[in-house]
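Data block below; observations after.
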Amino acid sequence: MAGITTSFPFKTIPTRPTKTIPLLLSSLQSKLFGIHVRNPNSFSSPLHCSATINARYGADSRFSPPGRSKKNDEDQALDLSAIRSDSVRLIDEEQSMIGIVSKSQAIQMAEDAGLDLVILSPDADPPVVRIMDYNKYRYEQQKKKKVQQKKTNRMDLKELKMGLDEARQPLSRKVPIASSKINPYRMVIVARLLILAFFLRYRILNPVHDAIGLWLTSVICEIWFAFSWILDQFPKWFPIDRETYLDRLSLRYEREGEPNMLTPVDIFVSTVDPMKEPPLVTANTVLSILAMDYPVDKISCYISDDGASMLTFESLSETAEFARKWVPFCKKFAIEPRAPEMYFTLKVDYLKDKVQPTFVKERRAMKREYEEFKVRINALVAKAQKVPPEGWIMQDGTPWPGNNTKDHPGMIQVFLGQSGGHDTEGNELPRLVYVSREKRPGFLHHKKAGAMNALVRVSGVLTNAPFMLNLDCDHYINNSKAPREAMCFLMDPQIGRKVCYVQFPQRFDGIDRHDRYANRNTVFFDINMKGLDGIQGPVYVGTGCVFRRQALYGYEPPKGPKRPKMVSCGCCPCFGRRKKDKKYSKNGGNENGPSLEAVEDDMELLMSQMNFEKKFGQSAIFVTSTLMDQGGVPPSSSPAALLKEAIHVISCGYEDKTEWGSELGWIYGSITEDILTGFKMHCRGWRSIYCMPKLPAFKGSAPINLSDRLNQVLRWALGSVEIFFSRHCPAWYGLKGAKLRWLERFAYVNTTIYPFTSLPLLAYCTLPAICLLTDKFIMPPISTFASLFFIALFLSIFATGILELRWSGVSIEEWWRNEQFWVIGGISAHLFAVVQGLLKVLAGIDTNFTVTSKTTDDEEFGELYTFKWTTLLIPPTTVLIINLVGVVAGISDAINNGYQSWGPLFGKLFFSFWVIVHLYPFLKGLMGRQNRTPTIVVIWSVLLASIFSLLWVRIDPFVLKTKGPDTTQCGINC
């Protein structure tokens, strides 16, 4: 058995001493690794404190030192023998200062007034005394304190009642869009639908007889665009915002003096290739997770290394050591964000709201620690650039089990844990677990979906938190309270039980200010997703999502059909509930004797166990965890048994003949497993929530280079095509159960058919050039009345966009960039996705995709200007060139034919310029860096040069003009 020594962090048996548990591999012949993660010795120190309370007059026993009676207090205030000075400072009964007098004179004046001489300050020089009725003074003081105590009790009761009332309030609420914004928007949508119907009727009933092919192509394209617009538009009919109340969450689940009742969360981070997904990026994500604002004993971070890379393993070991210093620094000064790379590069006033005098000093020291940490990580990366011929060797001389990335055992390593991981201040750190599932030749591993399902099973065995957050390795936690935001929905007693997941919008760093290729995707995240939230919830987008574990296990929401209940004989702790005792059988015999009912119970138990094994796999511990609604691990399981079972559930053959990937966990069958996974849960009747906190919850990186961006879009589009041709196609899947709302189904259908829009879009973008080159047009000459349809259609399109921006808050620049990239991606990446999808379905030709590179350029936005040739650039380049040629040819022809040809030309030119303007960012990408000749100058230079060249050839001033014979009169024989 191979292993890496570590202390196991899971507190299943509190009385058992902590043991050193090795990292387990599925290969029993492997040797122990040579890397050890050592934890500092725990320590405890008693806290000694003392308090001294002085009662000046002895008026109230509540302020008396322990062990003294009220009589002693009175004597202390009236005991003049305690004053050793011969003189005192005297205050009379009217509280007027008499001055310094002898002690005997002060006593005589008090006796003459018939009052007491009370010591006010025996330690002063001279001591201060006052003439007063001491008994009356004590009575008044007691009376005042009773009144004050009553007021305090009333205030405490009122505050307690207010706190309880506040705790009973909902943890979140819907914030509907203002009617002044949403109602005009809906009216314009209805008007646009009617105008579109009249427009299409006019187009169909008025063909162009001398260009029937162009007309028919354009009409088919326009009908498809109308259908696509309906699928995209109507799911945005009920947009909503949401508001969370973190203070109510704390009042309800984090009461002072009581155990913290917030639900545990398992966090999944997936990575594959450390060369394309730099370890420093992954380390920052892990550090932001370990430092987030959530109880440390309720956080477990699992890192999936699907490439079995020793570089990732060693980088994670370094990250665990640095976390011991970084986590307490973050929590002490409440910094945001808690990913060190982003925090130290943030261009803000880091002294704002920081009043601790040691902050500047500790921040400077922490920055030095982080720079040293980066040096160590970069040294590991540099070392990993050249793989030794014999493969990587561990410190003890044994080979790294993952040297063959396609044939290696499963590996699990616990770096930090509840009993084994402490920071520099002695506080516990969250769990940090490294997981690399087993891979063998001949087995399907299902890429990211398979890795995520392996993490679901491992976490179900080791920690089994009711909720799971999944993140890409480059998506760090930007808002440390993000998990609390999700808990406001998932733990809300009113709506939480029906929520399968809470999706956060994706936000990105490192994108140029103008967002040339719509990398931020703001229109989708701020408009479409808000609209879906008002129906049945947003789609799952692959990262930044908090899941309910029971929903991923294929169970239905509470109001649906109940989960199957298992019966148990009581001897096995791994299955269900104990069957009820029955004294008599159906045939009247005693239970101890043979009976038909006993046989039926045994058969029911056997079938129940077989059904659960067929569904979840042959792991009794894991099957038991799936039945625990509130999470937690079986109390009778030892840490060693849990680790052994965790290795078993990530073996490459575990999913055989189970429902993993078809009904459970992340769904297989498409490279966009996120869409399928969310779709299956919505079909079962669950709903999802869209959470948009003011401070973005997560931030990541996006490919800003044109070629990388198109390849990313190609992967998404191909996944949608695969779903369209699969049994999970939203157009018909789940129609029988009718648990998916129709507008939600519209949205899912749109996510699968949008790549097919590339076919009519490519044809429509080619039509302007063909019209200009052939002197034909897709429409007949229109009358004044018919022109109203076109004007109304364009006005309704602009009005819809403007009103949409008004209620969503998206800027017009972001909206326009999205429109431009819709055309760029549509005639390139989407087109290739349709072709590759058809090849896969018809010919079985599969396509392999590489991981999108997360590396950054040293120069700001340097990657933006890098030109990488790919076949995806061919279609848009061709469309752009033929439209430019068409414009030149059309203008030249109009100049040649005279004034009367300019009228029809304007419609064709407008059509062609519409295409060129949408492809303008693509052209900028081809032109290269910004410091070169401006793109617009190049465009106009080409156009004007071509036009003037043709005009020059037409005029030909250097050739004499001679008149020839009139061919119309004498014919060919002239």
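The values are calculated or read from the model by the stated rules, or taken from the named source; none is laboratory data. In this text the structure is predicted, and so the values were computed from the model without any measurement. So basically every Cβ, Gly included, is an ideal-geometry build from the backbone, and we count neighbours across all protein chains shown. Calculation scope for accessible area: heavy atoms of the full protein, side chains included, ligands and nucleic acids excluded. Shrake-Rupley method; radii C 1.70, N 1.55, O 1.52, S 1.80 Å.
Placing dummy labels 7 Å off each Cα toward the beta-carbon, the span from GLN105 to ASP247 is 6.1 nm. Highest mean first, the peptides 475-487, 319-331 sorted by other C-beta atoms within 10 Å per residue fall in the order 475-487, 319-331.
The order of TRP815, TRP902, TRP742 by accessible area, most exposed first and with a 1.4 Å probe, is TRP742, TRP902, TRP815. A probe of 1.4 angstrom, applied to the heavy atoms of all protein chains, finds GLU722 with accessible area near 20 square angstrom. Computed extension gain for PHE790 through ASP133, at 0.36 nm per residue and net of the alpha carbon distance, reaches 226.5 nm. With a Förster radius of 45 Å applied to the beta-carbon distance between SER662 and LYS386, the computed FRET efficiency rounds to 0.60. Counted residue by residue at 0.36 nm each, then reduced by the alpha carbon distance between them, the extension gain from GLN395 to PHE906 reaches 176.4 nm. Given a cut-off of 23 Å, name the pairs among LYS447/LYS739; LYS439/LYS644; LYS236/LYS840; LYS498/LYS614; LYS680/LYS736 whose C-alpha atoms lie farther apart than that in the structure shown. Pairs exceeding the cut-off: LYS447/LYS739; LYS236/LYS840; LYS498/LYS614.
Ordered from largest to smallest accessible area (heavy atoms of protein chains, 1.4 Å probe), the residues TYR733, TYR555 come out as TYR733, TYR555.
Probing with 1.4 Å while keeping every protein chain in the model, the per residue accessible area of region 613-666 equals 39 Å². Average accessible surface for region 675-771: 33 Å² per residue, computed with a 1.4 Å probe over protein heavy atoms with every protein chain in place. Stretched out straight at 0.36 nm per residue, the stretch from GLU819 to PHE359 would grow longer than its current Cα-Cα span by 160.9 nm. Ranking ALA320, SER300, ILE335 by Cα position along the charge dipole of region 262-380, where only Lys, Arg, Asp and Glu carry charges on their C-beta atoms, puts ILE335 farthest toward the positive end. Would you tell me the accessible area of ARG727, worked out with a 1.4 angstrom probe on the heavy atoms of the protein chains, in Å² to the nearest 10? The value for ARG727 is about 130 Å². Can you give the FRET efficiency for ASN403 and LYS374, using 1/(1 + (r/R0)^6), R0 = 25 Å, r = Cβ-Cβ distance, to the nearest 0.05? It comes to 0.40. For region 352-474, the solvent-accessible area with a 1.4 angstrom probe is 44 square angstrom per residue. Here region 796-837 is scanned for amide nitrogen atoms under 20 Å from the site 7 Å beyond the Cα of ILE874 along Cα-to-Cβ, giving 824-837. Between ALA197 and GLU94, the simple label model (points 7 Å from Cα in the Cβ direction) yields a spacing of 9.9 nm. The mean sequence distance of close C-alpha pairs (under 8 Å, at least 6 residues apart), as a share of the length of region 323-482, puts its relative contact order at 25 percent.
Based on Cα contacts under 8 Å between residues 6+ apart, region 375-452 shows a relative contact order of 23 percent.
Note on region 240-388: with neighbouring protein chains present and a 1.4 Å probe, carbon and sulfur make up 55 percent of its accessible heavy-atom surface. So, with a 1.4 angstrom probe, what is the percent of accessible area on region 390-494 that is carbon and sulfur? That fraction is 50 percent.
The calculated FRET efficiency for ARG255 paired with LYS146, based on their beta-carbon distance and R0 = 30 Å, is about 0.50. Quantify, in whole percent, the carbon and sulfur part of the accessible surface of region 683-775 (1.4 Å probe; protein heavy atoms only). Looking at region 683-775 in its full context, I get 64 percent from C and S. Rounded to the nearest 10 square angstrom, GLU673 shows an accessible area of 20 square angstrom against a 1.4 Å probe. Ordered by solvent-accessible area of protein heavy atoms (1.4 Å probe), largest first, the residues LYS367, LYS657, LYS530, LYS924 come out as LYS657, LYS367, LYS924, LYS530. With a cut-off of 16 Å on the backbone N, the residues of region 518-552 near the modelled label site 7 Å out from LYS174 along Cα-Cβ are 529-538.
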